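Notes follow once the structure below has been shown.
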Amino acid sequence: MSLRPYIVGNWKMNGTRAMLSEARAIDRAAQRYMKVEVAVAPPYTLIHAVHREAEQIAVGAQDCHPGVEGAHTGDISAVMAADAGAKFVILGHSERRQDHGESNELVRTKVESALGAGLNVILCCGEPEEKREEGKHEKFVLNQLRLSLPEEIEEPGDRLTIAYEPIWAIGTGRTPTLNDIAAMHASIRAFLVEKFGEEQGGLVRILYGGSVKPENAREILSVENVGGALVGGASLTADSFMNIALAAGDGEDQ
Ligand code: PEP
């Protein structure tokens, strides 16, 4: 178990083998920032290659099918992602929910399958803008978590991470206020403690995601209950991504 800040890059549908040089540079820098846990989720096609190159960073998948194997053209199971070198999987990302109509119930079956295959899970949640305007954002997010999480998880403090990503902040350059981030993360923490108990619920890291950049990382990461960041656009170059990691580690090489 690690209480180090967790900085995770989500490369989305970006990256050919030419991106391996960025992965190498991220890995080299991560060896100097030992106060921070750094990980990258490249597209499936690069998981094995990044895993082979990486000495320090963990490699993850961006999704998985809920099944183990079978007639599901184009899908990848958690077992297959693990076999390629993935240590974790991002599930329930809003782009999956929007582009592929993924329901909370489907996400829950994926979480179960991933944990069963030995992968750790980063479960995403986050409200659309209209829910925040209506003041229903907290209810929306907690309901997503309630329905997307299995009834029981062994050692959730080790195996589970939550990423709070307001949909309207993803890739837009907009972020909630620090007070708004603090309020949502406090609600998620209270939910986790109620579900998993004081000790384990207190250990699950809650990442913030949505337009995190080197310029705003330090203040966002200093908010209570923010245990790291899930980073999209700014994770595509080692330079910007590792400046976020540097901010997470108090701005010093360690
Ligand atoms: C994301 O999609 O997980 C994300 C946080 O994207 P961005 O950092 O580009 O807003």
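So what does log10 I(q)/I(0) come out to for the chain at q = 0.15, 0.16 Å⁻¹, using the Debye formula with one equal point on every Cα and no solvent? Values returned for q = 0.15, 0.16 Å⁻¹ are -1.04, -1.20. Using only DSSP helix segments of four residues or longer, with each worth -39500 (n - 2.57), what per-residue ellipticity at 222 nm results for the chain after dividing by its residue count and rounding to 500? Theoretical 222 nm ellipticity from helices: -12500 deg cm²/dmol.
Summing Lys, Arg as +1 and Asp, Glu as -1, what charge do residues with Cβ under 12 Å from the Cβ of Gly171 carry, Gly171 excluded? Net charge in that neighbourhood comes out at +1.
Within the shell of other residues whose beta carbon sits under 12 angstrom from the beta carbon of Gly92, the net charge comes to -1, with Lys and Arg scored +1 and Asp and Glu -1. Normalised by the number of residues in the chain, the mean separation of alpha-carbon contacts (under 8 Å, six or more apart) gives a relative contact order of 21 percent. Other residues with beta-carbon under 15 Å from the beta-carbon of Val111 carry, at +1 per Lys or Arg and -1 per Asp or Glu, a net charge of -2. Within straight-line reach of Lys139, meaning a Cα separation under 16 Å, sit the following aspartates and glutamates at least 8 residues removed in sequence or on another chain: Glu127, Glu129, Glu130, Glu165, Asp180, Glu194.
Strictly over 29 Å apart at the Cα level, which of Lys12/Lys35; Lys87/Lys136; Lys87/Lys131; Lys35/Lys136 would you flag in this model?
Details: Lys12/Lys35 26 Å; Lys87/Lys136 34 Å; Lys87/Lys131 33 Å; Lys35/Lys136 36 Å.
From Lys12/Lys35; Lys87/Lys136; Lys87/Lys131; Lys35/Lys136, over 29 Å: Lys87/Lys136; Lys87/Lys131; Lys35/Lys136.
Report note on the peptides 128-139, 57-68: ranked by the mean count of other C-beta atoms within 10 Å, highest first, their order is 57-68, 128-139.
A short reminder: the numbers here are calculations on the coordinates, not readings from a lab. Note that the structure is a prediction, hence the values are computed from the model and not measured. Reconstructed Cβ throughout: ideal geometry from the backbone, glycine too, with neighbour counts over all protein chains shown.
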